[in-house]
1. Choose one of Leu330, Phe410, Ala205: the residue whose Cα lies farthest towards the positive end of the charge dipole of the chain (beta-carbon charges +1 Lys, Arg; -1 Asp, Glu; about the Cα centre).
2. Among the GluC sites (Glu not before Pro) within segment 200-305, which fall in a DSSP loop and have no more than 11 other Cβ atoms within 10 Å of their own Cβ?
3. Full-extension gain between Lys104 and Glu369, please, as 0.36 nm times their residue separation minus the C-alpha to C-alpha distance.
4. Ordered by residue, what ³J(HN,Hα) values in Hz, to whole numbers, does segment 249-260 give under the Karplus form 6.51 cos²θ - 1.76 cosθ + 1.60, where θ = phi - 60° and Gly and Pro are x?
5. Check each of the trypsin sites (Lys or Arg not before Pro) in segment 1-44 and keep only those in coil by DSSP with at most 13 other C-beta atoms within 10 angstrom; list them in order.
6. Express the relative contact order of segment 169-262 as a whole percentage, based on alpha carbon pairs under 8 Å and six or more residues apart in sequence.
7. In nm, to one decimal, how far is the modelled label at Glu339 from the one at Arg242, with both set 7 Å along Cα→Cβ?
8. Check cross-link reach from Lys351 to the lysines: straight Cα distance under 16 Å, and skip same-chain residues fewer than eight apart.
Amino acid sequence: MRICVVGTGYVGSVVAACLANKGHKVVGIDVDEEKVRALNKGRAVVFEPGLEELLRRGLEGGRLLFSSDFRKASGASLVFVCVNTPPLGREEFDLSPLEEAVRKLSLLPSPPRAVVIKSTVPVGTTRRLEGMVRDRGRGTRLKFASNPEFLREGKAVEDFLRPLRIVVGTEHREVASLLKGLYADFGAPFILTTPEAAEIIKLAANAFLSTRISFINEIAKVCEHYGVDVEEVAGAIGLDPRIGQHYLKAGIGFGGACLPKDLSMLARAGEVCGEEMPLLRAVESVNQLQPFRAVQKLKKALKGIEGKTIAILGLAFKPGTDDTRESPALKVCSLLLREGARLKVHDPALKGRVREVLPEAEDCPSPEEAWKEADAIALLTDWPEYRKVNFRKASKQMRGKVVFDGRLLFDPDEVRKAGLEYVGLGRGEGG
Ligand code: UGA
């Protein structure tokens with residue numbers, strides 16, 4: 001099939017590379033010339049395991065090409081639109097790049113057989129875009145579908161190639177069968193529905209994951225006061241298969257470009273229709289308070305933040321990525337800086353680039369460099385390598401004794417045995 005992917009960021013570059021490796025002829029289009037040049041050289045513009053290998057194979061096999069020329073989409077069977085829909089102020093989303101892409105597609109001399117919206121959008125957007133080009137009288141032949149993505153950063157290639165479900169929302173039988181054919185050998189349930197249902201499924205999936213995280217973070221608050229470890233509670237309740245173990249890790253909260261945005265998009269979808277959405281709003285506010293709780297704990301343990309040196313371990317919103325968008329770690333850092341702390345930051349994926357997101361911080365090449373002469377260690381992203389922290393060594397090199405574990409990664413006993421003070425979230429007395 002001839003496929004075009006518009007927008008070659010996180011989602012777009014993965015979709016393009018994976019479909020090319022499935023044997024399709026794929027053109028990835030982006031307005032950013034620099035990105036196009038890098039991708040054509042096989043360089044992934046995002047930190048994603050396995051992506052460069054797929055790009056290289058696709059480019060070498062002549063099945064993959066990137067371009068800034070929109071006309072390359074002409075005559076494609078399917079166009080996947082994967083442009084960003086970033087937040088625009090409070091509760092609004094910038095849909096102008098998406099609308100511009102659709103407008104350009106409607107002007108192509110030979111229009112594609114289907115326009116597939118993969119960008120995460122407010123409910124009703126796919127139908128509205130289809131109406132927009134029809135009303136302008138130019139794109140009468142453009143048929144739309146919503147086909148949301150469920151890719152986790154750091155596991156996006158794996159998630160695309162081995163999906164849990166394929167969701168397609170369209171009113172056009174021809175588009176449905178094109179997409180059914182495309183995904184025929186992916187071995188996942190194919191859910192064919194309306195565009196609005198597909199959009200809600202996407203948002204509801206992320207909102208549910210967010211709800212679980214805020215739920216366990218709220219339980220963690222109770223645990224602290226009763227000498228209970230929230231990990232024990234999460235593990236025990238998760239043994240019930242109706243509950244399960246996933247997304248029950250307490251900590252400083254959820255971040256990234258998706259969970260916080262999708263949660264507010266879904267709440268908004270109800271509110272614009274006059275509904276109150278108290279559950280989703282509560283999930284949001286529990287999450288927004290977590291970085292403040294973290295700072296409170298550090299403040300108490302350090303008897304004030306001003307003038308203290310804090311070693312920060314991890315800045316990305318989760319391990320396995322260099323993405324700091326909506327990172328709770330970054331929020332904790334900003335609050336600490338505001339309180340007058342000096343920060344020495346290490347993140348395995350952001351070495352040498354910490355100052356791009358946190359100009360006031362010191363960028364440290366190793367965890368050891370970060371904790372030397374520090375009053376406290378604050379672990380904010382659960383990179384697996386931090387499990388190997390040698391606390392005896394740290395204890396000798398630090399000035400102070402506090403270890404704040406914002407992701408419940410460390411063994412409290414090990415920290416204490418090294419003569420340090422363990423401070424967690426939801427871990428009884430010390431927590
Ligand atoms: C999320 C979803 O997991 C994907 O299924 C979805 O496709 C994607 O958004 C998207 O909409 O594009 P991602 O943003 O990569 O994927 O992040 P997650 O791995 O879900 O983690 C989100 C945040 O929750 C991270 O900050 C993580 O540290 C936090 N988290 C996760 C917890 O605090 N506790 C947990 O138990 C799990």
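A short reminder: the numbers here are calculations on the coordinates, not readings from a lab. Because the structure is predicted, anything quoted here is derived from the model rather than measured. All Cβ positions, even for glycine, are placed from backbone atoms using ideal geometry, and neighbour counts span all protein chains on display.
1. Ala205
2. Working: sites: Glu218, Glu224, Glu231, Glu232, Glu271, Glu275, Glu276, Glu284; in loops: Glu275, Glu276.
Qualifying residues, ordered by number: Glu275, Glu276.
3. Values: separation 265, 0.36 × 265 = 95.40 nm, distance 5.08 nm.
Gain on stretching Lys104 to Glu369: 90.3 nm.
4. These are the phi-based 3J(HN,Hα) values: 9, 6, x, 7, x, 9, x, x, 7, 10, 3, x Hz.
5. Working: sites: Arg2, Lys22, Lys25, Lys35, Arg37, Lys41, Arg43; in loops: Lys22, Lys41, Arg43.
Counting only loop positions with at most 13 other Cβ atoms within 10 Å, the trypsin sites (Lys or Arg not before Pro) in segment 1-44 are Lys41, Arg43.
6. Working: 67 pairs, mean separation 26.5, N = 94.
Computed value for segment 169-262: 28 percent relative contact order.
7. 4.1
8. Within reach: Lys318.
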